[in-house]
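The values are calculated or read from the model by the stated rules, or taken from the named source; none is laboratory data. Keep in mind it's a predicted model, so treat the numbers as computed, not measured. No Cβ is skipped: glycine too gets one built from the backbone with ideal geometry, and neighbour counts run over all protein chains shown. Just so you know, the surface numbers come from the protein's heavy atoms only, side chains and all, with ligands and any DNA or RNA stripped out. Shrake-Rupley method; radii C 1.70, N 1.55, O 1.52, S 1.80 Å.
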Amino acid sequence: PRQHAKTLWYDRPRYVFLEFCVEDSTDVQVTIEDYRLEFSCKNADGVEFYNEINLYARVNSKDSREKRSDRSITCFMRKWKEKVAWPRITKENIKPAWLSVDFDNWRDWEGDEEVERAMVEEYAEV
């Protein structure tokens, strides 16, 4: 049986971040298209996770990537239109039960570009 991974998201001037909270993930597959993201993996117990998100706006799929850690898989997607805030991550104005805002990482953008650049560079090194 497949189930949705608990997912956190937050918005930045250039990127949108999604974190799929699955510990000890295996068989991770992430497909990022211009208007859509598809995610799947298994956890240590063999439970299959699958999430599909029709994105609020266009992203640059060629300049988007993901990073796996022991606790989660984080995707960062380059916005097609930079410095345009996304009021939500989904195209539809609905909030799935498994999706929530990552308030720990959500902040006002003022002077945030340096922080964002450092985060992306940190992810890129992995």
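Extension gain for ASP27-LYS95 works out to 21.8 nm (0.36 nm per residue, less the C-alpha to C-alpha distance). Stokes-Einstein diffusion for the chain, with the hydrodynamic radius set to the Kirkwood value over Cα pairs and evaluated at 20 °C in a medium of 1.002 mPa s, equals 145 µm²/s.
Relative contact order for the chain: 29 percent, from Cα pairs under 8 Å spaced at least 6 residues apart, divided by residue count. In a DSSP loop and with at most 16 other Cβ atoms within 10 Å, the GluC sites (Glu not before Pro) in segment 17-117 are GLU23, GLU33, GLU82, GLU92, GLU110. Legend: residue pairs LYS62/LYS91; LYS6/LYS83; LYS6/LYS62; LYS42/LYS91, Cα-Cα distance threshold 22 Å; pairs beyond threshold, LYS6/LYS83; LYS6/LYS62; LYS42/LYS91. Take the chain with all the other protein chains still there, run a 1.4 Å probe, and you get 59 Å² of accessible area per residue.
For segment 42-72, the residues whose backbone nitrogen is under 11 Å from a point 7 Å from the Cα of TYR35, taken along Cα to Cβ, are 54-59. Using a 1.4 angstrom probe on heavy atoms only, work out the carbon and sulfur share of the accessible area of segment 7-125 in %. Reported share for carbon and sulfur atoms: 43 percent. Between ASN105 and ASP45, the simple spin-label model (points 7 angstrom out along Cα→Cβ) gives 2.5 nm.
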